[in-house]
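A short write-up of the structure that comes next.
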Protein chains: 2
Amino acid sequence: MDVGARLKAVRKMHGLSQRELAKRAGVTNSTISMIEKNSVSPSVSSLKKTLSGIPMSLVEFFSTDIDVIAKEPVIYRAEELLEMNAGDISMKIIGKNRSNRAMSFMDEVYPVGSDTGEEMLSHEGEEAGMVVAGVLELTVGHEVYHLSPGDSYYFESSRPHRFRNTGEEDCRLISCTTPANF
Amino acid sequence: MDVGARLKAVRKMHGLSQRELAKRAGVTNSTISMIEKNSVSPSVSSLKKTLSGIPMSLVEFFSTDIDVIAKEPVIYRAEELLEMNAGDISMKIIGKNRSNRAMSFMDEVYPVGSDTGEEMLSHEGEEAGMVVAGVLELTVGHEVYHLSPGDSYYFESSRPHRFRNTGEEDCRLISCTTPANF
DNA sequence: TGTGAGTGTTCATTATATGTAACATTAAAC
DNA sequence: GTTTAATGTTACATATAATGAACACTCACA
């Protein structure tokens, strides 16, 4: 991660000179020069102060992809979607071949009786989804929910959760998680 | 933003002592102590090095919400979903009443002839979606795509884009954007 | 051909962060 | 009670970053 190059790119992108940004941010131009040349590793507070002149948050600074947006594919045909299997659950991941994704967007099919398992799932991030066909039993924490087509959910992935198809037909679910898990 | 408190929380969450983390990260325990007490503002490089012992990225560190996970609602019934209208396009937002969301997960309906407009959209983030019914014309950059049910897309929202229903029936789309725009 | 306002860089000084090694406190083991 | 190993904190020396004032350079304009 090239902090200097990124700051330079961000600054240029906003049409600011080192001195102009320095004035707005309340730091000196030499500080910015040194940071951009990677002659120093700025403290969190000074980087934050510097970015306040843009303005830009630290999250944005570290997550924004300055690199050229590669000519990534945009659309994924239904018949081309690669099917993955986790147990008997089928998942088709949209954008799987992209270099970096912020999300995992998926078309999932839970066959009758399928289950992510008694051991509850728990991981970083957030997830949301909508049932398109069939019924789904969703457990989050100590609550159990039953979802029909058109019903949806949104929760923090750190909360223990479990998906089951307790119905009598396959359940199809369109879901999304962030960050990308798959 | 309380860097010290956050580091402490993250460290505790992973069951590490200052010394243990220090050893894994290749810094000294006193450095960690000082950072956690906010007696110093660590340099980006030393914070990064410190987090490598967790391990955790800078993005995660600055974006992770350590605050207590509020008792947010989890599921949203089809009939309860609030319908929003942008022109003649209908959008139902999942999780709208949540305090903070990383994503906008939506159930959208594009009536025949509807269009996000000649002026292409362009904003921060990434977006993905899958057509559930009808057909959709998606323009990204200079490319025009036609999607049928089961087809999907994933692209950087900074790329100019436009959605149109050029078909002869309503188009239903389940989509997600990050960060949350709606 | 200056001249002036802009650009980014560099140097010496000052301020701040980090490493080393000590300290005090707690909890478990004997 | 004493020991032992763990915890987090602190003091001082050293390393590093930030400041303020110079410097060299480019470009527009007279």
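No lab work stands behind these numbers, since they all come straight from the coordinates. Predicted model only: the values in this text are computed from it and were never measured. Quick reminder, even Gly has a Cβ in these numbers, built from the backbone with ideal geometry, and neighbours come from all protein chains shown.
Per-peptide packing, taken as the mean over residues of other Cβ atoms within 10 Å, places B:21-27, A:84-90, A:103-109 in the sequence A:103-109, B:21-27, A:84-90 from highest down. The mean number of Cβ atoms from other chains found within 10 Å of a Cβ in peptide A:154-160 is 5, as a whole number.
In this structure, the amide hydrogen of A:Val140, modeled 1.01 Å from its nitrogen in the peptide plane, lies closer than 5 angstrom to those of A:Tyr145, counting only residues at least 5 positions away or on a different chain. Applying a 4.7 Å Cβ-Cβ cutoff to the protein assembly as shown leaves A:Cys171, B:Cys171 as cysteine residues with no disulfide-compatible partner.
Among B:Lys37, B:Lys48, the order by Cβ neighbours within 10 angstrom, fewest to most, reads B:Lys37, B:Lys48. Inter-copy label distances for B:Met120: 4.6 nm (label point placed 7 Å from Cα along Cα→Cβ; shortest first). Amide H contacts for B:Gly167 (H built 1.01 Å from N in the peptide plane; partners 5 or more residues away or on another chain; cut-off under 5 Å): B:Gly113, B:Val135. Karplus-based coupling profile of region B:6-22, in residue order and whole Hz: 5, 4, 4, 4, 4, 5, 4, 4, 9, x, 10, 8, 4, 5, 4, 4, 4, with θ = phi - 60° in 6.51 cos²θ - 1.76 cosθ + 1.60 and x standing for Gly or Pro. Take A:Lys12, push a point 7 Å out from Cα through the beta-carbon direction, and compare it with the same point in every other copy: 4.4 nm, smallest first.
For the peptides B:141-150, B:38-47, the ranking by packing is B:38-47, B:141-150, with the highest mean count of neighbouring Cβ atoms within 10 Å listed first. Could you compute the net charge surrounding B:Gly26? Neighbours are other residues with a C-beta less than 14 Å from the C-beta of B:Gly26; K and R count +1, D and E count -1. Local charge sum for B:Gly26: +4. Here the Karplus curve 6.51 cos²θ - 1.76 cosθ + 1.60, taken at θ = phi - 60°, turns the phi angles of region A:109-120 into couplings of 10, 9, x, 3, x, 6, 6, 6, x, 4, 5, 5 Hz, with x standing for Gly and Pro. Residue by residue along A:125-133, Cβ atoms of other protein chains within 10 Å of the local Cβ number 6 on average.
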